[in-house]
Amino acid sequence: MPGTIDDFLVRLRQAVAGKRVTLARRPKNRQAMVTFRLTMDDVLHTLVNLAPEHFYRGPSSDVGGYPGQVMEFIAPVVSVKFYIKVRLYQQAGDDCAVTISFHQEGMYD
């Protein structure tokens, strides 16, 4: 059924496979990358391995008004729980994704 967490994860994996994923340039994301010595490959690996049990909440609309569907996850990254917020959207018929948040859970409430 479209709109389910499983559908979202399939579409996210397709976006990763097609190299259509970006990480939002936000200070908290950069800080997490530096603190935990992560690369974009680590982010992509985490996204591909998200599972329904990592689901936190969603779907929702982007607060900035951008098109697409936003889902939030809590998942382990280097043995620490990370808060991951991803927006999926269509561009030229392809699924694309922006990783809006990728940082340690609870650090920026």
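Determine, from the Cβ-Cβ distance of Lys28 and Ala92 and an R0 of 25 Å, the FRET efficiency 1/(1 + (r/R0)^6), rounded to the nearest 0.05.
Result of the calculation: an efficiency of 0.25.
Just from its helices, what would the mean residue ellipticity at 222 nm be for the chain, if runs of 4 or more DSSP H residues each count -39500 (n - 2.57) and the sum is divided by every residue, rounded to the nearest 500 deg cm²/dmol? Present the calculation step by step, with values, prior to reporting the outcome.
Details: 3 runs with 31 residues, N = 109.
When only DSSP H runs of four or more count, the value is -8500 deg cm²/dmol.
Among 36-42, 70-76, what's the highest-first ranking by average C-beta atoms within 10 angstrom per residue? Working shown, then result.
Details: 36-42: 12.3, 70-76: 18.9.
So the peptides 36-42, 70-76, ranked by packing, come out 70-76, 36-42.
Quick check: convex hull of the Cα atoms in the chain, volume per residue, rounded to a whole Å³?
Values: hull volume 11.0 nm³, N = 109.
Roughly 101 Å³ of hull volume per residue.
Where a number appears in this text, it was derived from the coordinates with a stated rule and is not lab data. Note that this is a predicted model, so its numbers are computed, not measured. Cβ atoms come from the backbone with ideal geometry, glycine included; neighbour counts cover every protein chain shown.
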